[in-house]
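K.L.:
Please read through the structure below; I'll follow up with questions.
Derivation of every value follows stated rules applied to the coordinates shown; laboratory data play no part. All figures in this text were calculated on a predicted structure; none of them were measured in a lab. Neighbour counts run over all protein chains shown; Cβ positions are idealised from the backbone, glycine included.
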Amino acid sequence: MNILSDSADRVFQCLEKYAQKVPTIGSHLDGVGLFKKSGEVWVGLSVPPELLELQKELAVTLEMDPGHFHAHFTRGRIKGGRPEENFFQCLEQTDVKLVPFKIGSIALVQSELLPEGVRHTVLAHVRLA
């Protein structure tokens with residue numbers, strides 16, 4: 001979910017409140033793909049109900065449309081536009097093992113796209129109950 005930097009305090013308060021009532025969340029890897037607009041190569045996560053609940057709470061807190069939630073982590077970026085067609089074929093053929101894992105904390109991260117690459121800054125971090 002993209003938010004404005006002046007909303008970070010409200011997001012952090014929402015995360016703290018949420019973290020106090022939700023225990024560790026179980027999930028697993030679920031697919032791989034590319035966000036074409038940003039050039040991000042991502043690995044998806046299964047979306048347990050707890051994460052959907054958090055997304056809805058954040059949308060209410062920020063008075064935003066919840067929109068489409070795509071739980072993922074970025075594995076890389078493609079610079080300079082569109083990749084070659086065989087890249088898409090490779091992604092489609094990639095078999096992601098359904099590796100289970102636990103989510104024990106949530107971080108609020110600011111991403112800045114700079115000429116030399118992306119800089120990520122952790123603005124807040126909360127541990128789940």
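K.L.:
Computed over the Cα atoms, what is the radius of gyration of the chain divided by 2.2 N^0.38 Å, N being its residue count? Before the final figure, lay out the partial values.
P.N.:
On the way: Rg = 16.0 Å, N = 129, 2.2 N^0.38 = 13.9 Å.
For the chain, the normalised Cα radius of gyration is 1.15.
K.L.:
Under a Cβ-only charge scheme (Lys and Arg +1, Asp and Glu -1), can you give me the dipole magnitude of the range 15-129 about the Cα centre, in debye to the nearest 20? Kindly include the intermediate steps, with their values, before the conclusion.
P.N.:
Working: 13 positive and 14 negative charges, 53 e Å.
Using Cβ point charges on Lys, Arg, Asp and Glu, the range 15-129 gives about 260 debye.
K.L.:
Using just the helices of the chain, give the 222 nm mean residue ellipticity in deg cm²/dmol: DSSP H runs with n ≥ 4 each add -39,500 (n - 2.57), and the total is spread over all residues, rounded to 500.
P.N.:
Details: 3 runs with 36 residues, N = 129.
Dividing the helical sum by the residues of the chain leaves -8500 deg cm²/dmol.
K.L.:
Which of E116, E84, E50 moves most in a GNM of the chain, Cα contacts under 10 Å?
P.N.:
Result: E116 has the largest fluctuation of those listed.
K.L.:
Here's a follow-up. Return H120, H72, H28 ranked ascending by Cβ neighbour count within 10 Å, so the fewest neighbours appear first. Numbers along the way, then the final one.
P.N.:
Numbers: H120 10, H72 19, H28 14.
Sorted ascending by nearby Cβ count, the order is H120, H28, H72.
K.L.:
Also: Between P83, P115, P49, find the one with the highest GNM mean-square fluctuation for the chain; connect C-alpha pairs within less than 10 Å.
P.N.:
Comparing P83, P115, P49 in the GNM, the peak value goes to P115.
K.L.:
Once you keep just the Cα pairs under 8 angstrom separated by 6 or more residues, what percentage relative contact order results for the chain? Working shown, then result.
P.N.:
Numbers: 179 pairs, mean separation 42.3, N = 129.
Contact order relative to length: 33 percent.
K.L.:
Take the cross-link list K37/K97; K56/K97; K36/K97; K37/K102; K37/K79 and give me the ones stretching past 19 Å between alpha-carbons. Before the final figure, lay out the partial values.
P.N.:
Values: K37/K97 26 Å; K56/K97 28 Å; K36/K97 23 Å; K37/K102 30 Å; K37/K79 11 Å.
The answer is K37/K97; K56/K97; K36/K97; K37/K102.
K.L.:
A follow-up question, please. In a Gaussian network model over the chain where Cα atoms closer than 10 Å are linked, find which of L54, L114, L29 has the largest mean-square fluctuation.
P.N.:
Checking each option, the largest mean-square fluctuation is seen for L114.
K.L.:
Residue-wise, which Karplus ³J(HN,Hα) couplings in Hz belong to the range 101-117, taking 6.51 cos²θ - 1.76 cosθ + 1.60, θ = phi - 60°, and x for glycine or proline?
P.N.:
Working through the residues one at a time gives 7, 10, 9, x, 7, 10, 10, 9, 10, 9, 10, 10, 8, 10, x, 8, x Hz.
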